[in-house]
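Colleague: Would you mind keeping the following structure in view while I ask a few things?
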Amino acid sequence: MAFEPTPDEPLRPETLAVSAGRPEQLGQPLNHPIVVASNFLSGAGPEYSRGDGTDTVQAFEAAIGALEGGRAISFSSGMAGISAIFDNLPVGARIVVPDDSYQGVSAVVADGESRMGWKVLRLPTNDTQRWLDVIGSVDLAWLESPSNPLLDVCDVPAICEAAAQAGVVCAVDNTFATPLNQRPLEHGATFSVHSATKFIGGHSDLLSGVVVVADGADEAYDAINHRRTFGGATPGALETFLALRGLRTMPIRLEKSQANAQVLARRLQGHRAVTSVRYPGLPEHPASDLVKRTLGGPGAMVSFETVGNAISADVRMTRLQLISPATSLGGVESTIERRAKLAGQEHLPPTLLRMSVGCEHLEDLWNDLDRALGGIVD
Ligand SMILES: Cc1ncc(COP(=O)(O)O)c(C=O)c1O
């Protein structure tokens, strides 16, 4: 039988990550199995999995919904979920987005700007007053905190509360924070969005996304569900099983990765080949007061710039033996990427390396970084 928390002592997020969305009938497997089905015997329950999902999909959604405090709809990738939100915007919609949003979001917004006549305002992530000044005049406020890749932090509670008061739809990309460090729906956001490909999945072996909708926002829920069903972005059973399995260990993975990231960021600050470090856990972070107030933890992403130019930064990366050069993030294994090499990211500092800190031993990670950063190419 499912364990019923008492209202005065709700289960903590670490416990929900492990326990929510499990089968409840005696005799069922402890974990929902991988239900591979498109079609069901008609008449009771699901009919066709593009619209109805499967047991596996519903279990994942129940777990994420419990963690974020809303109703989750899962997707075949983070971008599929994000696109479902933007696809609901009308011609001429007014949108405010951070000037450092994930490049996939920037691409969707730029497309809507040119094809749909959206009026887009791009604001610095941590300039709260400017967000508050415009919030009442937009159709959608899109937040991302901490941001990818500059790790800026915004005042999620203040902006979401202002949006809710003004009746404005507010969506937060919560991928970097995870629901363990930030729960935007508690502050009035309509949507909390994840690329579950990252920290939730945690093993770089799947694509998955999820949009969690605030309780009571029934129209918004129906609209997103409609997009998934008729856009056909329903996730597959294997990926969803893996995403849910990953979620079960997210609290311990994140704890370890964050602890590693905190020490590495501090040591990188003192490294002779490093010119600047961006990490929400450092007191020197430009929005460290917001970090303390809005985030439960600083996360496992560290971005830093190195002495020299793009070529020397690339050479340094080739010397890494443990940390893998790879674009994605949030896995148990540490990865690193020079972001400005990506198309559309040329505006970033040329030597900026974005590292996703994994669960390896801290000293092995540090030795790898120290060896690769120092040496002849200074
Ligand atoms: C912050 C953020 N949001 C959304 C996405 C998109 O997710 P996906 O690659 O699962 O479509 C990414 C991918 O890197 C991301 O970093």
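Each reported figure results from applying straightforward, stated rules to the coordinates on display, with no laboratory input. All values reported here derive from a predicted model rather than from experimental measurement. Virtual Cβ from ideal backbone geometry, glycine too; neighbours counted across all protein chains shown.
This table checks each residue for (1) of a type in the set (Gly, Ala, Ser); (2) over 30 Å from residue 186 (Cα atoms).
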| residue | (1), (2) |
| --- | --- |
| 267 | no, yes |
| 276 | yes, yes |
| 283 | no, no |
| 289 | no, no |
| 295 | no, no |
| 304 | no, yes |
| 314 | no, yes |
| 320 | no, yes |
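Colleague: Output the residues belonging to region 237-284 that are out of contact with any helix residue (DSSP H, G or I) (no Cβ under 7 Å at 6 or more places or on another chain), hydrophobic (A, V, I, L, M, F, W, C) and farther than 14 Å from residue 304 by Cβ.
Modeller: Within region 237-284, 238, 242, 252, 259 meet the criteria.
Colleague: Among the residues of region 135-142, is any without any contact (Cβ under 8 Å) to a residue 60 or more places away in the chain, within 13 Å of the ligand (Cβ to nearest atom) and crowded, with 19+ Cβ neighbours inside 10 Å?
Modeller: Checked region 135-142: at least one residue is without any contact (Cβ under 8 Å) to a residue 60 or more places away in the chain, within 13 Å of the ligand (Cβ to nearest atom) and crowded, with 19+ Cβ neighbours inside 10 Å.
Colleague: Between a residue in region 158-173 that is in contact (Cβ under 8 Å) with a residue 24 or more places away in the chain and under 22 Å from residue 83 (Cβ atoms) and any residue that is part of a strand (DSSP E or B) and among the acidic types (Asp, Glu), which pairs come within a Cβ distance under 6 Å, given they are 6 or more apart or on different chains?
Modeller: From region 158-173, the pairs are 173/144.
Colleague: Hey, another quick one. How many residues are more than 12 Å from the ligand (Cβ to nearest atom) and either part of a loop (DSSP other than H, G, I, E, B) or not β-branched (Val, Ile, Thr) (or both) if we restrict to region 85-116? I'd like the intermediate steps shown before the answer.
Modeller: Kept after step one, since they are more than 12 Å from the ligand (Cβ to nearest atom), are these residues of region 85-116: 86-97, 99, 109-116.
Remaining after also requiring either part of a loop (DSSP other than H, G, I, E, B) or not β-branched (Val, Ile, Thr) (or both): 86-94, 99, 110-116.
Going through region 85-116 one residue at a time, the tally reaches 17.
Conditions (1) buried (at least 16 other Cβ atoms within 10 Å of the Cβ); (2) within 22 Å of the chain's Cα centre (by Cα); (3) within 16 Å of the ligand (Cβ to nearest atom); (4) not in a loop (DSSP other than H, G, I, E, B), marked per residue:
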| site | (1), (2), (3), (4) |
| --- | --- |
| 265 | yes, yes, no, yes |
| 289 | no, yes, no, yes |
| 293 | no, yes, no, yes |
| 316 | yes, no, no, yes |
| 330 | yes, yes, yes, no |
| 351 | yes, no, no, no |
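Colleague: Looking at region 205-235, which of its residues are over 28 Å from residue 328 (Cβ atoms) and of a type in the set (A, V, I, L, M)?
Modeller: Across region 205-235, the qualifying residues are 214, 217, 220, 223.
Colleague: Which one of 107, 63, 84, 72 is surrounded by fewer than 19 Cβ atoms within 10 Å (Cβ to Cβ) and touching a Gly at 6+ places or on another chain (Cβ under 8 Å)? Steps first, answer last, please.
Modeller: Working: 63 fails: surrounded by fewer than 19 Cβ atoms within 10 Å (Cβ to Cβ); 84 fails: surrounded by fewer than 19 Cβ atoms within 10 Å (Cβ to Cβ); 72 fails: surrounded by fewer than 19 Cβ atoms within 10 Å (Cβ to Cβ).
107 is the lone residue from the list that is surrounded by fewer than 19 Cβ atoms within 10 Å (Cβ to Cβ) and touching a Gly at 6+ places or on another chain (Cβ under 8 Å).
Colleague: Only one of 305, 255 is on the phi < 0 side of the Ramachandran plot, within 19 Å of the chain's Cα centre (by Cα) and not basic (Lys, Arg). Can you tell me which?
Modeller: The unique qualifying residue is 255.
Colleague: From (1) without any contact (Cβ under 8 Å) to a residue 12 or more places away in the chain; (2) surrounded by 21 or more Cβ atoms within 10 Å (Cβ to Cβ), pick out the condition that doesn't hold for residue 127.
Modeller: (2)
Colleague: Moving to a separate point now. Which one of the conditions (1) within 16 Å of the ligand (Cβ to nearest atom); (2) assigned to a strand (DSSP E or B) does residue 71 fail to meet, given that it meets all the rest?
Modeller: With respect to (1) within 16 Å of the ligand (Cβ to nearest atom); (2) assigned to a strand (DSSP E or B), residue 71 is out only on (1).
Colleague: Turning to a different aspect of this structure: Closer than 22 Å to residue 104 by Cα and not β-branched (Val, Ile, Thr): which single residue out of 236, 270, 281, 216 fits that description?
Modeller: 236
Colleague: Still on this structure, please answer the following. Out of the residues in region 357-378 that are touching a residue at least 60 places away in the same chain (Cβ under 8 Å) and not aliphatic (A, V, I, L, M), which is farthest from residue 262 (Cα to Cα)? Let's see the steps before the verdict.
Modeller: Residues of region 357-378 touching a residue at least 60 places away in the same chain (Cβ under 8 Å): 357-360, 362, 365-366, 369-370, 373-374, 377-378.
So of that shortlist, the ones also not aliphatic (A, V, I, L, M) come out as 358-360, 366, 370, 374, 378.
On the way: 358: 12, 359: 13, 360: 14, 366: 12, 370: 16, 374: 21, 378: 25 Å.
Per the stated criteria, the residue is 378.
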